[in-house]
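*Asks:* Here it is, the structure in full.
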Amino acid sequence: MALHSKFIYPKRVSMQISENAVVSIHYTLTNNAGQTIDSSVERGEPLAYLHGAGNIIPGLEKALLGKQAGDKLDVTVTPEEGYGERHEQLIQQVPKTAFEGNEDNLQPGMQFQAQTEAGPRIFTITAVEGDEVTVDGNHPLAGETLNFAVEITEVREASAEEKEHGHVHGPGGHDH
């Protein structure tokens, strides 16, 4: 008499993206004209972030909530949920002398950090004309609608240290 046994393996349930999950995604970011702005696919390594810690823009983070590894989605993020609207008051002209010792090396595209009433802010030099330098404190993507093509490659629970530090450690994340 032969015994036949059949093993039934429980279906493995993938972890859903939630607060304190470490999420790895491949993404391609394009503007409304279809131009690629950034892509993890081209770099060959997914982006890893700690969900709920403000490591990515709010609109993308909201769209990923509840998803799981293997999911693919297209996400459109408005400026309000991305890098904000452009603010003309963040564009200023300053004298070259404000750049003590670097006056002769200033070029459009250079960035620097300055202390403002709202705290530290990154400024980009947009023009150098005579003794005047035009600087822009807007994020380069402020005012833009952002289009993401996303593939979620991994979702796991964050370690206690990652939760404490507010970011991912190891591959695709931050190394201390």
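The values are calculated or read from the model by the stated rules, or taken from the named source; none is laboratory data. These numbers were taken from a predicted model, which means no experiment stands behind them. All Cβ positions, glycine included, derive from the backbone under ideal geometry; neighbour counts span all protein chains shown. These accessible areas exclude ligands, DNA and RNA; they are computed on the full protein's heavy atoms, side chains included. Shrake-Rupley method; radii C 1.70, N 1.55, O 1.52, S 1.80 Å.
*Asks:* I need the phi-derived Karplus couplings for region 119-132: 6.51 cos²θ - 1.76 cosθ + 1.60, θ = phi - 60°, integer Hz, Gly and Pro marked x.
*Replies:* x, x, 9, 8, 10, 10, 6, 9, 7, 10, 9, x, 9, 10
*Asks:* Another question, if that's okay. Below 8 Å, C-alpha to C-alpha, sequence gap of six or more: please give me the relative contact order for region 62-125 in percent.
*Replies:* 18 percent
*Asks:* How much solvent-accessible surface does F112 expose, in Å² to the nearest 10, with a 1.4 Å probe and all protein chains in place?
*Replies:* 60 Å²
*Asks:* Rounded to the nearest percent, how much of the accessible area of region 14-81 (1.4 Å probe, protein heavy atoms only) is carbon and sulfur?
*Replies:* Its accessible area is 45 percent carbon and sulfur atoms.
*Asks:* At a Förster distance of 30 Å, what's the computed FRET efficiency of T116 paired with T30, Cβ-Cβ distance as r, to 0.05?
*Replies:* 0.45
*Asks:* Express the carbon and sulfur contribution to the solvent-accessible surface of region 100-176 as a percent, rounded to the nearest whole number, probe 1.4 angstrom.
*Replies:* In region 100-176, the share of accessible area belonging to carbon and sulfur is 45 percent.
*Asks:* Select one label from [x] 22.3, 98; [y] 20.1, 74; [z] 17.7, 62: the one whose number is Rg and Dmax of the Cα atoms in Å as derived from the coordinates shown.
*Replies:* Calculated Rg and Dmax of the Cα atoms in Å: the matching label is [x].
*Asks:* When only Cα pairs under 8 Å and 6 or more residues apart are kept, what is the percent relative contact order across the chain?
*Replies:* Details: 322 pairs, mean separation 57.3, N = 176.
Once normalised by length, the contact order is 33 percent.
*Asks:* Need the C-alpha centroid separation for region 63-141 versus region 144-166, integer Å.
*Replies:* When both Cα centres are located, 24 Å separates them.
*Asks:* With a 1.4 Å probe and every protein chain left in place, work out the accessible area per residue of region 40-121 in Å², rounded to a whole number.
*Replies:* Each residue of region 40-121 exposes 66 Å² on average to a 1.4 Å probe.
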